[in-house]
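The values are calculated or read from the model by the stated rules, or taken from the named source; none is laboratory data. All of these numbers come straight from a predicted model, not from anything done at the bench. Cβ placement follows ideal geometry from the backbone for every residue including glycine, while neighbour counts extend to all protein chains displayed. In case anyone asks, the SASA skips ligands and DNA or RNA and just uses the protein heavy atoms, side chains included. Shrake-Rupley method; radii C 1.70, N 1.55, O 1.52, S 1.80 Å.
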Amino acid sequence: MTENKKRAATRMVPAPSHGIIPERDFNERPVLEARNLGIDFGGLHAVEDFNLIIGKTEIAGLIGPNGAGKTTVFNLLTKVYQPTMGTIMLNGRDTAGMNTAQANKLGIARTFQNIRLFDNMSVEDNVRYGMLSGIFRMPGYWRGEREMHERALDLLSIFDMQDLANHQAGSLPYGAQRRLEIVRALATNPSLLLLDEPAAGMNPHETEELMENITKIRDQFHIAILLIEHDMSLVMGICEGICVLNYGKIIAK
């Protein structure tokens, strides 16, 4: 079955929380409920009346032209910015007043449009850094040195990068750095993973592999994924719900 057919086969149903989610998530609490979310910068409405529900294992897309406010939404969800209006519920908890670290511990992780790796650290140490961010939400089993090493290699194997564990992160090709950033975010043990233009700079073959791996990540870790992307073949191929943003407002779902 092709990726497009897989997406078409996903039945979306009304959720009890008045959103639209995949049918398989109907009896589960949505991982994210953003209601009437907005932020002003000096009187300018950067995001206004943003409403989004994401099911527990949904792959969702946030699309729109440059400057539409997509990354601002990510910054609101991860508490880089504090909203001036609205509510963000993550796994049923209101994130009002939380900072970025607290939101991460509650289960949200992200990658960035501009890659943010520790270039002078090894690939494995970058993944371990992510583990240390999420380790207090993981069983004590992972706290040992050997177990952390094995866990890092397991995560890197998602993208067949385990043989690069000792390489310097900054020496990797651009596409591999993109993949490493996703692995590091996964190391925090999230329930919602935000990907900001994950296919940027990738060739068609790398993009096709990325599509397969995003679905694999969702299935293996049983998490939800929200991605910003301009590559519409990727969006239409794997996203079950799609939200279109323009000038900070949702214009279509």
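Determine if region 229-252 includes at least one residue that is open to solvent by 50 Å² or more (accessible area, probe 1.4 Å), charged (D, E, K, R) and touching a residue at least 60 places away in the same chain (Cβ under 8 Å).
Scanning region 229-252 turns up at least one residue that is open to solvent by 50 Å² or more (accessible area, probe 1.4 Å), charged (D, E, K, R) and touching a residue at least 60 places away in the same chain (Cβ under 8 Å).
Might you let me know whether region 34-49 holds any residue that is at pLDDT below 85, open to solvent by less than 80 Å² (accessible area, probe 1.4 Å) and over 23 Å from ALA96 (Cβ atoms)?
No, region 34-49 contains no residue that is at pLDDT below 85, open to solvent by less than 80 Å² (accessible area, probe 1.4 Å) and over 23 Å from ALA96 (Cβ atoms).
Please go through (1) touching an Asp or Glu at 6+ places or on another chain (Cβ under 8 Å); (2) more than 20 Å from ASP125 (Cβ to Cβ); (3) modelled with pLDDT of 95 or more for GLN168 and return the number of the only condition it doesn't satisfy.
(2)
Quick one: which residue in ALA109, ALA103 is open to solvent by less than 40 Å² (accessible area, probe 1.4 Å), closer than 26 Å to ARG128 by Cβ, in a strand (DSSP E or B) and not β-branched (Val, Ile, Thr)? Spell out the reasoning first.
Numbers: ALA103 fails: in a strand (DSSP E or B).
Going through ALA109, ALA103 in turn, just one is open to solvent by less than 40 Å² (accessible area, probe 1.4 Å), closer than 26 Å to ARG128 by Cβ, in a strand (DSSP E or B) and not β-branched (Val, Ile, Thr): ALA109.
Failed condition for THR71, given (1) at pLDDT 95 or above; (2) part of a helix (DSSP H, G or I); (3) open to solvent by 60 Å² or more (accessible area, probe 1.4 Å), with all others met?
(3)
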